[in-house]
Structures are given as C-alpha cells and as structure tokens.
Amino acid sequence: MSAATKSSIILALWAATSITLLQSSSCSAFSPSPLNRRTTTALNLDGPDPGTKLVSNRKEIAFDGSRFFETGVEDEDCIPTQEYCLVDPNSGAPIRLSVEEKERMFLDALQSYYVSGRQVMDDSEFDALKEDLAWNGSEVVNLNRREITYLEAMQAYIKGEPIMTDGEYDQLRDELRESGSSIAVDTEPKCYIESGVCTVTFQQDKFRNNLLYLPMLSIIGFLWLGIGYEILGGRVNPLLLTAFGAPVIGTVGKAITDTFIFPDNFVAYGPCPTCEAENRIYFGGILGVEGFDKQGKIKCKNCKSEVIVMKRSLRASTLPKN
C-alpha cells in the first residue's frame, strides 16, 4: 500500500469520526435534560364531602354538597353587614325587623323631616334603611313626582313659605289618597310624645257605602218589573226587562237615597289610634235627621277613647292628654 493511499484512508476515518461526534452533541443540545423537566400534578377540583365543617377563628362554615353556608345563625338573628338592623339599647345586640316595620320607619323618618323638620335618624342610617328596602323590593322607596311635590309642599308650609294654594294642596292630597299612596295615608297609628295625641288615617268603606242604596234599588226594581209585566202582559223575559231598565233603576234609586233617605252619606273605617281596634263612622243625615257633617266624634268600642274624625281628610286623632 502506498503512502498516498494510507493518507486518504486516515483522512476518511477522521472525517467520519468528526461527523458522528457533531451529530451526537447537536442532538443532546436540543433534547430536554432530566434536570430541566417539570413535573405536573392534576388539580383536585372536587369539594369536601357533604357535611364537612370548616372552623375558622370567628365563624363555622359548613358544606352541603353544593354550597358553603354559615352555621349557628338563627332565622331571628340579624346580620348588620347584610341588612338594616335595629340595635337593642340594653344589650347592644342587633334586632331583625320585618319589611313592614322597616317601611314604617322609613315613612316616619320622611314625614318627620318634611313635616316637623326633625331628623329622627342620621343620613347614613337612613341610606342603609333605604337600600335594604330597595333590595327587598319595597315600593315605598320609589316616590313619584307627585309624592315628592306633596312632601315639599308640607315642608314649605311649615316654614311659612307655601309653594301652592290650599286648593291645589287639597287636590294633590286627595289624588294621592285615592291612588293609595303611602305618603298621604297613614294606615298605622302614630303617637306624639309631646302632646300625647295619636293619629291615623281612616279609609272610605265603599262596600257599606254602596249597601245604603240597596233598599231603594230593590224597591225601584220590583216596581219596574211589576209595571212592565202589567203593560207587556208577561211577554218579555224578566231578566231582559231588568237589564233594559237597569240605568233607570240605578239613577232613580240613587237620587232618592241621596236626597231623602241618606243625604250626603259617607262611611269611613279605620283602626283606633290608641288600641288599633277597627271602628266605623257615618257622615250625613238619615231620613231628615242631621248627623256628622265635616267632623265627627266616636268612642272606641274597645278602649273607650274618644276619636275625632275629619270627613275631608279622614284624619282620626285622639284628644290631647292633660
């Protein structure tokens, strides 16, 4: 073998060895190292078993399979961070109030501020009460424009700067009462410590008011049927004859009742301002005998307190205590 041949063989072996080394180093450079590999673990998304209790330093929380909730909280307990609570002056414990009690406090605060100018609770407490009622779906917190105007008119009148005439004020008040506005109607008795007078607003007893027309309507109805039977000879169904004469029967019966039997009749009812027992009063005359006109006085059948009722405003109040 010649020297040139040996040299070429040596060069070929050296080249093959170099290529092999380069390939192995490049593969190891791009393959992940065992030290650089990250180990992953599956997340446990399942909650604790139903009935499990987690106790912290302040509260105990239980899991019922679908939700977490606080234990040891009774239905009567009030949570100040979630609702408006009244604080017991003796123990300092929060007291839960019903929605009706909260609405009464809200209306009393409004009327005390606008009518007498007294602020029975601070602004933050009033805002908390209003927000609580709004979350409970109460309608008393949503005052319309007429109710706001009514409150502003009362406040302006107290200050000696009326913004409307007496006629406009009375018309607005009557409209609000007819619509059942809680601002113009006090269905719950309210007492004033300074004078000892308790007040409440009565309502018209439409059912008993309409019953006053029943006797004369019945008499006119029977007369209509009798006369019609004699004239037509019984050829017309009595029901059709009554339906045909209903406008005449109603008009004549109402006119006779309002003019001769119960003139200026008006029946009202409401709770006693002192004991809340239901009472009724009749305004108007009976067969020519005059009764209560603009103002009436009744004695409660339960507590025997004398109650004065105004016909126009239906405001009922007790007598001042000496």
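The values are calculated or read from the model by the stated rules, or taken from the named source; none is laboratory data. No experiment lies behind these values; they were computed from the predicted model shown. Don't worry about glycine lacking a Cβ; one is built from the backbone with ideal geometry, like all the others, and counts go over all protein chains shown. Heads up: the accessible areas ignore ligands, DNA and RNA and are worked out on the full protein's heavy atoms, side chains in. Shrake-Rupley method; radii C 1.70, N 1.55, O 1.52, S 1.80 Å.
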Checked segment 276-322 for anything in contact (Cβ under 8 Å) with a residue 40 or more places away in the chain and within 15 Å of GLN203 (Cα to Cα); matches are GLU276, ARG280, ILE281, VAL309, LYS311, ARG312, SER313, LEU314, ARG315, ALA316, SER317
Looking at (1) more than 16 Å from the chain's Cα centre (by Cα); (2) over 25 Å from GLU175 (Cβ atoms); (3) in contact (Cβ under 8 Å) with a residue 24 or more places away in the chain, which is the only condition GLN111 fails? (2)
Of the criteria (1) in contact with an Asp or Glu (Cβ under 9 Å, 6 or more places away or on another chain); (2) more than 30 Å from LEU107 (Cβ to Cβ); (3) of a type outside the set (A, V, I, L, M), which one TYR269 fails: (2)
Pick from segment 139-168 the residues that are polar (S, T, N, Q) and over 18 Å from ASP108 (Cβ atoms): which of them is least open to solvent (accessible area, probe 1.4 Å)? THR149
LEU212 meets each of (1) open to solvent by less than 80 Å² (accessible area, probe 1.4 Å); (2) out of contact with any Phe, Trp or Tyr (no Cβ under 7 Å at 6 or more places or on another chain); (3) at pLDDT 90 or above with one exception, condition (2)
Output the residue which, of all residues in segment 91-138 that are at pLDDT 80 or above and aromatic (Phe, Trp, Tyr), is least open to solvent (accessible area, probe 1.4 Å). PHE106
In segment 277-306, anything among the hydrophobic types (A, V, I, L, M, F, W, C) and closer than 21 Å to ARG177 by Cα is listed as ILE281, PHE283
